[in-house]
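Comments concern the structure below.
The values are calculated or read from the model by the stated rules, or taken from the named source; none is laboratory data. The model shown is predicted, which means the values in this text are computed figures rather than measured ones. Cβ: placed from backbone, ideal geometry, glycine included. Neighbour counts: every protein chain shown. Protein only, heavy atoms only, side chains kept; ligands, DNA and RNA dropped before computing areas. Shrake-Rupley method; radii C 1.70, N 1.55, O 1.52, S 1.80 Å.
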Amino acid sequence: RPALDALCADARAVVLGREQPRAFEAALVAAAREALVAAVQAFHRTQPQANGIEVAQLARTAAPALPDDVLQDILRETVAQRKLELSGGRVRLPGFDAAANAADEALWSRVAPLLSRVPQSPPQVREIAQSLRLDEKPLQAMLPRRVRRGELVRVDEQRVFLREASVALAGVAE
């Protein structure tokens, strides 16, 4: 492979693929990489509460003309270069946090104090919504993002505990 890499460097080409290495024009690969990153940035701007864009959707958006295996190789390299992150079939910008958006923060600033009042016996989600005069749907959408962030522990569909409260309860149970 070193000989192939040297040949490609002279020809301004890039080798992609592990099992069947193929050479591609370096400018094409760079443009595809930039298109992937730009598409993920645009996705985050339009859907800040989503954890990332699905790989198939990213492929259709950023590089519809590229064969899937080539796109996968470019995506793999882009992730290895830490320009993107891949998790659970979704692609996001490094360090992107779906819970770090203005709408979630505003909602969380109202919900967290309510959960703190009775940490060992928090109200059900519908009770939180009623108490704060909120629509339950955005509340139900925000809670999993706070669970992934480590601030909450979901017990069932209608009940969440603050992380500290669940740790304290676990200590009592021991």
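Brief remarks follow.
- Here percent of Cα pairs over 23 Å apart was computed from the coordinates, and among (i) 26; (ii) 55; (iii) 38 the match is (ii).
- Sparse packing (at most 15 other Cβ atoms within 10 Å of the Cβ) combined with a DSSP loop state is found for the following GluC sites (Glu not before Pro) in the stretch 93-172: GLU157.
- With the simple model of a label 7 Å out from the Cα in the direction of the Cβ, ARG126 to ARG163 spans 3.0 nm.
- Förster radius 25 Å - calculated FRET efficiency between ARG117 and LYS137 (Cβ-Cβ, nearest 0.05): 0.60
- More than 17 angstrom apart: percent of Cα pairs within the stretch 1-81: 49 percent
- For GLU77, the accessible surface of its heavy atoms amounts to roughly 60 Å² (probe 1.4 Å, protein chains only, rounded to the nearest 10).
- Computed from backbone phi with θ = phi - 60° and the Karplus coefficients 6.51, -1.76 and 1.60, the 3J(HN,Hα) list for the stretch 87-95 is 8, x, x, 10, 10, 9, 6, x, x Hz; x is used for glycine and proline.
- Net lengthening on full extension, GLU25/ALA80 (0.36 nm per residue, minus Cα-Cα): 17.8 nm
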